[in-house]
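Written below as structure tokens is the structure these notes are about.
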């Protein structure tokens with residue numbers, strides 16, 4: 001199994017350390033190669049857009065229009081197995097998405113980062129991601145959805161927009177259900 005990760009993970013010793021644990025730089029050619037080798041490959045289509053969304057939007061899928069995961073699955077000839085998780089946005093409170101600040105600081109040019117969210121947590125209180133706060137305890141619930149065979153469901157020449165929309169729709173429905181089952185923030 002491998003996990004596609006942002007370039008920042010591989011800075012310094014991260015390349016050696018995370019590489020040993022199956023992390024690969026997030027790039028379509030790396031994903032296709034891993035999938036063609038038969039490796040289960042964990043992809044986060046929304047990347048930082050989804051991971052660093054405000055806590056108030058914790059139950060909303062946000063891929064920011066990214067559809068490379070669909071193209072990658074088609075090229076590699078593999079199904080997509082959607083996975084949704086709720087609770088991660090409660091490990092610290094994301095007060096905004098930080099898009100404006102990241103743009104102002106030119107983080108997209110410097111470190112390929114489009115987010116610098118204002119967060120609140122322990123022990124540093126308000127931060128812009130650095131120093132990182134200790135994650136708050138949070139009940140996280142994950143649901144693995146049924147595999148989606150793109151060719152079987154959408155034909156030999158699938159409309160990428162339609163496939164992406166259907167996958168996100170299924171994921172959002174599952175996430176909505178998980179959200180309805182939550183009673184309290186952090187403890188679930």
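The values are calculated or read from the model by the stated rules, or taken from the named source; none is laboratory data. The structure displayed is predicted, hence computed values, not measured ones. Cβ atoms come from the backbone with ideal geometry, glycine included; neighbour counts cover every protein chain shown.
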Does segment 41-51 contain any residue that is more than 19 Å from residue 175 (Cα to Cα), modelled with pLDDT of 90 or more, within 15 Å of the chain's Cα centre (by Cα) and buried (at least 16 other Cβ atoms within 10 Å of the Cβ)? yes
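Can you tell me which residue among 72, 91 is under 19 Å from the mean Cα position of the chain (by Cα) and at pLDDT 95 or above?
72
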Filtered residues of segment 136-188 (kept if surrounded by fewer than 15 Cβ atoms within 10 Å (Cβ to Cβ), on the phi > 0 side of the Ramachandran plot and either in contact (Cβ under 8 Å) with a residue 12 or more places away in the chain or within 18 Å of the chain's Cα centre (by Cα) (or both)): 186
Please go through segment 2-40 and give me each residue that is out of contact with any strand residue (DSSP E or B) (no Cβ under 7 Å at 6 or more places or on another chain), touching a residue at least 24 places away in the same chain (Cβ under 8 Å), in a loop (DSSP other than H, G, I, E, B) and farther than 26 Å from residue 107 by Cβ, ordered by number. 40
Looking at (1) more than 14 Å from the chain's Cα centre (by Cα); (2) within 21 Å of residue 108 (Cβ to Cβ); (3) surrounded by fewer than 16 Cβ atoms within 10 Å (Cβ to Cβ), which one does residue 65 not meet, given that it meets all the others? (1)
